[in-house]
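Student: Dropping the structure in here first, questions after.
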Amino acid sequence: MDLRSFHLNYEVSMMMTGGDIVQKMHAVEDAYRLECKILTEEEWSGRPWHRKYVDNAMRLTASLQ
């Protein structure tokens, strides 16, 4: 656990014990993975200029949101 990371990245950490809750969380993770799409470097760099602008603006203001 890294305090700097907590403050800069706004991470949330949990510690869970017990097989039942851990298995349920694994099922949630697996469901998220099924919904994911791998983003290639070409797709990322090929975004339109207006999308890049919005992404950069959101990144700059993330700590204010």
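Every number here is computed from the coordinates shown, using simple stated rules; none is lab data. Predicted, not measured: the structure shown is a model, and the values here were computed from it. Cβ: placed from backbone, ideal geometry, glycine included. Neighbour counts: every protein chain shown.
Student: If I stretch the segment between R51 and E29 completely, what's the gain in nm (0.36 nm per residue apart, minus their alpha carbon distance), one decimal?
Tutor: Here the segment from R51 to E29 would lengthen by 5.1 nm.
Student: Given the Cα-Cα distance of I21 and K37 and 0.36 nm per residue of separation, how much length would full extension add, in nm?
Tutor: Working it through step by step, the gained length comes to 3.1 nm.
Student: Please compute the net charge surrounding A27, taking Lys and Arg as +1 and Asp and Glu as -1 over other residues with Cβ under 14 Å from its Cβ.
Tutor: Net charge in that neighbourhood comes out at -2.
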